[in-house]
Amino acid sequence: MPFALNESTKFISPTKTPEFLAAGLPVVSTAITDVVRDWGPKADGGPGLVEIAAEPVAFAAALQRVLEQAGAPWLKQVDRRLAQISWDQTWAEMDGQIEAALRAATRQKSGADTTTMRRAGHV
């Protein structure tokens, strides 16, 4: 994914990254912020799931590395990471937040109704 690094790509979040990874394809990308943050080298210096390269010679070298890497260990890491961001997982989290908001709103409404009833009783 050799994106140009400019104002137009400064805030993009390429959806192709997880799609390529889900297909079992190794990825090399320029330093797009979301790709580096989500898929690139780890903060502790460990390797990421995507190779990041800034210029043509480094990009070609990174392509060569990913083509030569052992697939099975890398694919297991990719599968674990993708499972954390699956649509099923995303939906479950959103559904949980909706349910929690509904419960809180119901409790708040119940409390408000009770307060109103008590106030009315004292009037």
Could you count how many residues in segment 28-41 are in contact with a helix residue (DSSP H, G or I) (Cβ under 9 Å, 6 or more places away or on another chain) and open to solvent by 50 Å² or more (accessible area, probe 1.4 Å)?
1
Scan segment 49-65 and tell me whether some residue there is over 18 Å from the mean Cα position of the chain (by Cα), open to solvent by less than 50 Å² (accessible area, probe 1.4 Å) and free of Cβ contacts under 8 Å to residues at least 24 places away in the same chain.
yes
Provide a single number: the residues in segment 3-30 that are touching a strand residue (DSSP E or B) at 6+ places or on another chain (Cβ under 9 Å) and part of a loop (DSSP other than H, G, I, E, B).
5
Checked against (1) surrounded by fewer than 10 Cβ atoms within 10 Å (Cβ to Cβ); (2) in a helix (DSSP H, G or I), residue 44 satisfies every condition except (2)
Subset of segment 16-31, residues more than 21 Å from residue 61 (Cα to Cα) and more than 13 Å from the chain's Cα centre (by Cα), comes to 22, 23
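The values are calculated or read from the model by the stated rules, or taken from the named source; none is laboratory data. All values reported here derive from a predicted model rather than from experimental measurement. Glycine gets a Cβ as well: all are built from the backbone with ideal geometry, and neighbour counts include every protein chain shown. These accessible areas exclude ligands, DNA and RNA; they are computed on the full protein's heavy atoms, side chains included. Shrake-Rupley method; radii C 1.70, N 1.55, O 1.52, S 1.80 Å.
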